[in-house]
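Take this structure, written in structure tokens, and hold onto it; I'll ask about it next.
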Amino acid sequence: MNNASIKTLQEWGKDAEGVLVCAGPCSAESPAQLLGTAAGLAGRPLTFFRAGIWKPRTHPGTFEGVGVEALRWLVEVREQFGFPVGTEVGTAKHVEAALRCGLDVVWIGARTTPNPYAVQEIAEALKGVDIPVLVKNPVSPDLELWLGALERVQNAGIGRLAAVHRGFCTASDTRYRNPPLWRLAIELKRRLPKLSLLCDPSHMCGRADTIFPTAQEALDLLYNGLMVEVHENPAQARSDAAQQLTPAQFQDLIERLVIPRESGGPPYLAQMRGLRHTIDEIDEDIISLLAQRMEVVRQMVPAKRRHGVAALQPSRWREILSSRTSMARRKGLNDEFVAQLYQLVHEEAIRVQEESLLARETPETDDRGT
Ligand code: PEP
Ligand code: MN
């Protein structure tokens, strides 16, 4: 994918200096609800006011959005409050209807992004149009699928392109509805430095009371903006009731959030230089210790081969995992982090053993004491 043709936020337009803020209800439900919510947000410098019109719901027969008639309500919001307005599109027909009504922004939802046919169809319908297009992450943590969807939209000639991280589906019981995978989004940004990256803490959290720390975490990771669900009366919302903020709660959120700078002045840099030097030295030690550890693993191979013993030793692995996580706890480290780290180390140790086993030239050494 071509980073060069992506427009940075600075190239997006007049109010794109800071972060992008998109807010509005999960779904447009009625003119009164839409205008009432917009009234609660009046005067805020929103990048755009959002509302879902076509809702891809899990079960048929549930509220699937009010459809095209709500496009007019969105236009009414723009006329009364001056906000640019945007909605989610899932088909070429949605794009055509949204463009006919003059919507300012569209986004592709998490259930559509994974479907290349649908994304291609949407991209074709966007050809020759110059509006910002947002692409939410696919429901499964597949970076290539996310990139592929962005690329299809880019190939249609869209320069004002942004990715929205709304978290990923999981079968595990977590404190999130859709846990974020920050490292995946960071990798997206590494590959496409000009791409604007937004966080949708509403769909990540699934509940209103944890939106602040999640949004702040995204800003601390230098996200370029937020998409937040706001409803005039969340308890009455026809979709995603638990995660929507009232306009007052939204105002409070925006006031509490701190937008960090990417870098600080000379005193900051001087302080960092010393600490970073120490970190560099520690990392060098970590890497040489890892190399030594893998060397010892390699030395086990001849004996395992001679005695016909498997590379994977489940009981030893259980013991390593439990003793290392206890050590981690004693040292005040997060044991889940250390468990994940050791899973990687262990996987690599097995790979190294397999590699040595396959390399017939592995020298046979004395195996006493192993
Ligand atoms: C939404 O923004 O209302 C929505 C349906 O989000 P997602 O595609 O992230 O589930
Ligand atoms: Mn929603």
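Checking the conditions here, which among L181, L198 is within 16 Å of ligand 1 (Cβ to nearest atom) and surrounded by fewer than 18 Cβ atoms within 10 Å (Cβ to Cβ)? Full working, then the answer.
Working: L198 fails: surrounded by fewer than 18 Cβ atoms within 10 Å (Cβ to Cβ).
After applying the criteria, what remains is L181.
Shifting gears a bit: Against the condition surrounded by 15 or more Cβ atoms within 10 Å (Cβ to Cβ) and part of a strand (DSSP E or B), how does E217 come out, does it pass?
Numbers: surrounded by 15 or more Cβ atoms within 10 Å (Cβ to Cβ): yes; part of a strand (DSSP E or B): no.
Judged against the criteria, E217 is not a match.
I've got another one for you. Can you confirm whether L34 is in a loop (DSSP other than H, G, I, E, B) and open to solvent by less than 20 Å² (accessible area, probe 1.4 Å)? Walk me through how you get there before you give the answer.
Details: in a loop (DSSP other than H, G, I, E, B): no; open to solvent by less than 20 Å² (accessible area, probe 1.4 Å): yes.
So L34 fails the test.
Just for the stretch 43-87: of the residues that are out of contact with any helix residue (DSSP H, G or I) (no Cβ under 8 Å at 6 or more places or on another chain), open to solvent by less than 60 Å² (accessible area, probe 1.4 Å) and within 12 Å of ligand 2 (Cβ to nearest atom), which one is modelled with the lowest pLDDT?
Residue satisfying both the conditions and the ranking: P56.
Each row is one residue, and each column tells you yes or no for (1) crowded, with 16+ Cβ neighbours inside 10 Å; (2) under 23 Å from N2 (Cβ atoms); (3) more than 16 Å from ligand 2 (Cβ to nearest atom).
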| residue | (1), (2), (3) |
| --- | --- |
| A98 | yes, no, yes |
| W107 | yes, yes, no |
| T112 | yes, yes, no |
| I122 | yes, yes, yes |
| S140 | no, no, yes |
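On the given criteria, is G167 at pLDDT 95 or above and more than 22 Å from S140 (Cβ to Cβ)?
On the way: at pLDDT 95 or above: yes; more than 22 Å from S140 (Cβ to Cβ): no.
Against the criterion (at pLDDT 95 or above and more than 22 Å from S140 (Cβ to Cβ)), G167 does not qualify.
Anything in the stretch 17-42 that is more than 16 Å from ligand 2 (Cβ to nearest atom) and closer than 27 Å to K7 by Cα? List them, or say none.
Pass one, the stretch 17-42, residues more than 16 Å from ligand 2 (Cβ to nearest atom): 17-21, 30-32, 35-36, 38-42.
Within the stretch 17-42, E17, G18, V19, L20, V21 qualify.
Quick check on the stretch 24-80: of everything there that is over 22 Å from the mean Cα position of the chain (by Cα) and at positive phi, which residue is nearest to ligand 1 (Cβ to nearest atom)? First the steps, then the outcome.
Pass one, the stretch 24-80, residues over 22 Å from the mean Cα position of the chain (by Cα): 28-45, 53-54, 59-80.
If we keep only those that are at positive phi too, we end up with 43, 61, 65, 67.
Working: G43: 24, G61: 18, G65: 10, G67: 15 Å.
Only one residue tops the list, namely G65.
Also: Among the residues that make up the stretch 198-206, is at least one of them under 25 Å from E64 (Cα atoms), more than 16 Å from ligand 2 (Cβ to nearest atom) and in the same structural domain as A23 (by TED's automatic domain parsing)?
no
The values are calculated or read from the model by the stated rules, or taken from the named source; none is laboratory data. Keep in mind it's a predicted model, so treat the numbers as computed, not measured. All Cβ positions, even for glycine, are placed from backbone atoms using ideal geometry, and neighbour counts span all protein chains on display. Surface areas here come from the heavy atoms of the whole protein model, side chains and all, with no ligands, DNA or RNA. Shrake-Rupley method; radii C 1.70, N 1.55, O 1.52, S 1.80 Å.
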